[in-house]
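Engineer: Just passing along the structure, written as structure tokens.
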Amino acid sequence: MTSDSCYNCNKKINEHTEEQKSECLAEVSDTASFLKSMLVSKKPEVESELSDNEVLDGFNDIKTGEAGRMSER
Ligand SMILES: [Zn+2]
């Protein structure tokens, strides 16, 4: 298994210095967020409809939460 090898430089994670580790982590997360943004931009508008509903749900949650807190006082 190569589970303890670095995704960035393929060295063992154990053989990294702290500096190397954070450098490689930054590199990997850069790549990950880049890939993510590519995926998101490729997705159709269905996704934004979904997130709209989710936003509304979250808003209702906040509202009811605040109402509950208000009535507690
Ligand atoms: Zn590395």
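The values are calculated or read from the model by the stated rules, or taken from the named source; none is laboratory data. Computed from a predicted model, the values in this text were never measured in an experiment. In this analysis, Cβ positions are derived from the backbone assuming ideal geometry, glycine residues included, and neighbour counts consider all displayed protein chains.
Engineer: Evaluate the following for Ser41: is it in a helix (DSSP H, G or I) and either at pLDDT below 85 or touching a Phe, Trp or Tyr at 6+ places or on another chain (Cβ under 7 Å) (or both)?
Structural biologist: Yes; evaluated as a whole, the condition is true for this residue.
Engineer: Looking only at the stretch 29-36, decide whether some residue is among the basic types (Lys, Arg) and either in contact with a Cys (Cβ under 7 Å, 6 or more places away or on another chain) or within 12 Å of the ligand (Cβ to nearest atom) (or both). Steps first, answer last, please.
Structural biologist: Looking only at the stretch 29-36, we keep the residues that are among the basic types (Lys, Arg), and these are 36.
Still in the running and either in contact with a Cys (Cβ under 7 Å, 6 or more places away or on another chain) or within 12 Å of the ligand (Cβ to nearest atom) (or both): none.
No, that holds for no residue.
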